[in-house]
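Participant: One structure is given below, represented as structure tokens, and several questions about it will come after.
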Amino acid sequence: MTMLDSSDLQSIWLTLKLASVTTVVLLLIATPLAWWLANSSKWYKSIASALVALPLVLPPSVLGFYLLLLLGPHGAVGALTQALHLGRLPFTFAGLVVGSVVFSLPFAVQPIQNAFEAIGKRPLEVAATLRANMWDRFMSVALPLARPGFITATILAFAHTVGEFGVVLMLGGNIDGETRVLSVAIYNHVEAMELEAAHLLAGGMVLFSFLVLLALYLVGGKWSKVAR
Amino acid sequence: MNGIQARFRMQLEGFALDANFEAPATGVTALFGPSGSGKTTLLRCVAGLERVAGKLQVNGEIWQDENSFMPTHNRPLGYVFQEASLFPHLSVRANLEYGYKRIAVLEQKVQLDHVVEWLGLGSLIERGDPAKLSGGERQRVAIGRALLTSPRILLMDEPLSALDANSKQEILPYLERLHRELNIPVLYVSHAMDEVARLADHLVLLEKGRVIASGGLHETLARLDLPTAHFDDAGAVIEAQLAEQDETYHLTCIDFAGGELWVGKVDRPLGSLVRARVLARDVSIATEMPHSSSISNILEGQISEIRDEGVDKVMLCITIGAQQVLLSRITRRSRDQLGLSLGQQVFAQVKSVALM
């Protein structure tokens with residue numbers, strides 16, 4: 001551990017904190033959004049689906065650039081946060097959370113939406129004939145049956161946030177202990193020719209990502225057996 | 001006003017529903033018709049699972065009219081779907097108790113013990129996971145789950161159609177038992193005449209989204225102006241009583257208003273009520289009492305209706321006694337050779353009787 005200085009450790013801690021907060025916020029936003037997308041037949045559902053999927057195809061720098069404009073002092077959201085005396089979001093941890101949420105949104109929404117769609121209407125109709133009101137049906141039938149989707153969404157959202165670089169760089173900069181996450185720290189090490197430190201962090205990332213994906217496929221395999 | 005009064009209208013591309021029917025406060029009312037006739041849609045409308053314009057009153061309570069629509073979860077009904085649709089994430093017991101827990105304690109009139117006994121669910125509860133049950137067992141749990149909400153009306157959407165022949169035979173006795181023990185109206189959707197003949201007391205016939213006839217099972221099945229009288233398995237239903245056992249020949253005599261019939265031995269106590277079905281194609285006609293015939297069931301009656309069927313057949317209604325009616329399908333040539341006419345006294349030879 002000699003090669004990891006306190007700044008690196010702080011980056012690791014910050015990364016885990018950012019990924020955790022982002023995942024929680026994402027689940028809170030993605031669940032109702034996925035429910036609506038799974039059940040709506042409105043014409044603008046396609047537009048919403050496309051918007052949710054947009055971060056999948058856009059370069060993170062593009063996303064980060066527009067978020068910077070939007071959240072900055074002259075942007076609509078920036079003006080709002082300032083009017084509410086919440087301060088500015090860019091170059092703060094909260095700003096990183098906002099960016100990460102947008103960046104990882106499809107990774108949370110799509111598995112949950114697929115899980116809701118796979119349930120179909122029938123179990124909810126059955127619950128309705130058994131006196132469960134809408135909220136009750138959602139809590140007692142839809143949520144438990146969509147569990148595999150939630151597990152996938154949680155793991156993907158967490159892992160994807162850990163791996164994010166472009167949006168953070170555009171939006172959060174490189175402030176030690178505030179916004180310098182692991183991927184940025186690795187970049188800094190490489191820039192400074194500290195290849196051993198870069199190796200240690202990058203190798204750790206590879207290992208972490210592999211373990212996360214392994215867990216995902218193990219859980220997925222278990223669930224597909226149960227479903228059969 | 002007890003029972004069900006319903007009127008629904010819906011216009012979809014290629015399908016229009018305009019159905020108006022009533023069902024009595026007790027007994028099984030079958031919604032019968034070919035697939036695509038709208039019977040399942042109609043049942044879903046009664047449950048509030050389908051929202052269409054209409055009016056619905058159940059036991060004097062308005063569930064839907066121009067101004068109001070009671071959501072499904074507020075309607076005191078039990079619904080049995082075609083597939084059992086047990087919740088896979090809940091145990092058999094939790095499935096049974098799902099609805100029970102959601103009604104007021106004072107409304108919990110049907111108890112778990114009763115349902116377990118009625119439907120023989122004891123060993124199924126012990127098995128825990130619904131995935132370990134067979135199709136027929138799952139459907140029994142689904143029926144129990146619906147009954148445990150103490151419903152004031154039971155809706156069943158072809159509960160047997162997804163099952164194989166063995167599972168059907170396993171469930172039918174339970175359905176008949178429910179029929180006797182439940183004091184609530186049952187709406188039973190089916191396209192299988194044998195199920196209807198076995199279970200129903202009233203019949204609502206549907207065709208292309210419209211009700212073409214409704215009434216008591218016996219009267220409706222005997223109406224030659226309806227398509228049901230011209231199915232290959234058209235026939236009459238007889239309510240009878242077990243009257244005598246013949247141990248020597250292994251036969252049982254059943255007795256009904258107007259006569260008696262001998263059938264293959266049935267192991268049930270004397271006096272028990274049985275329902276028999278006599279298919280029109282199994283009834284032939286003689287103008288004089290046949291004295292040497294292998295057919296032992298010969299009933300005297302009067303031709304009460306004659307209707308041509310296709311190019312070569314004729315369907316006859318034979319009234320036996322005061323009100324029992326048999327259907328008989330014969331060829332047009334036989335009718336002419338025997339010179340059969342309305343009001344004539346004839347002898348109906350019954351080749352086969354199916355006890356149900």
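No lab work stands behind these numbers, since they all come straight from the coordinates. Computed from a predicted model, the values in this text were never measured in an experiment. Heads up, the Cβs are rebuilt from the backbone with ideal geometry, glycines too, and the neighbour counts pull from every protein chain shown.
Participant: Could you pull out every one of the aspartates and glutamates with an alpha carbon less than 13 Å from that of residue A:17, ignoring same-chain neighbours closer than 8 positions?
Facilitator: The qualifying aspartates and glutamates are A:178.
Participant: Another question about this same structure. With springs only between Cα atoms under 10 Å apart, run a GNM on chain B and tell me which of B:173, B:151, B:88 wobbles the most.
Facilitator: B:88
Participant: Which lysines have a Cα less than 29 Å from the Cα of residue A:45, not counting those fewer than 8 places away in the same chain?
Facilitator: Output for residue A:45: A:121.
Participant: Suppose R0 equals 56 Å; then what is the FRET efficiency for residue B:61 and residue A:9 from their Cβ-Cβ distance, rounded to the nearest 0.05? If you can, show how the numbers build up before the last one.
Facilitator: Values: r = 69 Å, r/R0 = 1.23.
Computed FRET efficiency for residue B:61 and residue A:9: 0.25.
Participant: Towards the positive end of the charge dipole of chain B, with charges on Cβ (+1 Lys, Arg; -1 Asp, Glu), say which of B:29, B:258, B:15 has the farthest Cα.
Facilitator: The residue sitting farthest along the positive end of the dipole is B:15.
Participant: Normalise the Debye intensity by I(0) for the protein assembly as shown, one equal point scatterer per Cα, no solvent, then take log10 at q = 0.08 Å⁻¹ and round to two decimals.
Facilitator: For the requested q values the scattering log ratios are -0.73.
Participant: Using the basic label-point model (7 angstrom from Cα toward the beta carbon), what is the residue B:319 to residue B:2 distance in nanometres?
Facilitator: About 3.0 nm separates the two model spin labels.
Participant: Further question on the same structure: Using every Cα-Cα pair within segment A:127-228, state what percent have a distance larger than 20 Å.
Facilitator: 59 percent
Participant: While we're looking at this one, here's another question. Taking the Cα-to-Cβ direction at residue B:97 and at residue B:134 and moving 7 Å from each Cα, how far apart do the two end points lie in nm?
Facilitator: Using points 7 Å along Cα→Cβ, the separation is 2.8 nm.
Participant: Sort B:73, B:114, B:250 by Cβ crowding within 10 Å, fewest neighbours at the top.
Facilitator: Taking fewest neighbouring Cβ atoms as first place, the list is B:250, B:114, B:73.
Participant: Out of every Cα pair in segment B:239-310, what percent are spaced more than 19 Å from each other?
Facilitator: 45 percent
Participant: Compute the distribution of all C-alpha to C-alpha distances in chain B, in bins of 20 Å from 0, and list the percent of pairs in each, rounded to whole numbers.
Facilitator: 27, 52, 20, 1
Participant: Taking amide H atoms as placed 1.01 Å from N in the peptide plane, list the residues 5 or more away in sequence, or in a different chain, whose amide H sits under 5 Å from that of residue B:313.
Facilitator: For residue B:313, the qualifying residues are B:332.
Participant: Here's something else I'd like to know. Measuring from a point 7 Å past the Cα of residue B:162 along Cα-to-C-beta, which residues in segment A:146-172 have an amide N at less than 19 Å?
Facilitator: Taking a point 7 Å out along Cα→Cβ of residue B:162, the residues of segment A:146-172 whose backbone N falls under 19 Å are A:146.
Participant: At a threshold of 8 angstrom on Cα-Cα distance, excluding pairs fewer than six apart, so keeping six or more, what relative contact order does chain A reach in percent?
Facilitator: Result for chain A is 30 percent.
Participant: Now a separate question. Give me the distance in nm between label points sitting 7 Å out from Cα along the Cα-to-Cβ direction at residue A:74 and residue B:126, one decimal.
Facilitator: 7.8 nm
Participant: Could you work out the mean projected area of the convex hull around the alpha carbons of chain A, in square nanometres to one decimal? Working shown, then result.
Facilitator: Working: hull surface 60.8 nm².
Mean shadow area of the hull around the Cα atoms is 15.2 nm².
Participant: With a cut-off of at most 13 other beta carbons within 10 Å, and DSSP calling the residue loop, which trypsin sites (Lys or Arg not before Pro) in segment A:1-62 qualify? Please list them. Please report the intermediate quantities before stating the final value.
Facilitator: Working: sites: A:17, A:42, A:45; in loops: A:42.
Here the sparse-neighbourhood loop sites are A:42.
Participant: What aspartates and glutamates sit close enough to residue B:55 to cross-link, taking a C-alpha to C-alpha distance under 16 Å and skipping anything fewer than 8 places away on the same chain?
Facilitator: Partners found: B:18, B:22, B:65, B:66.
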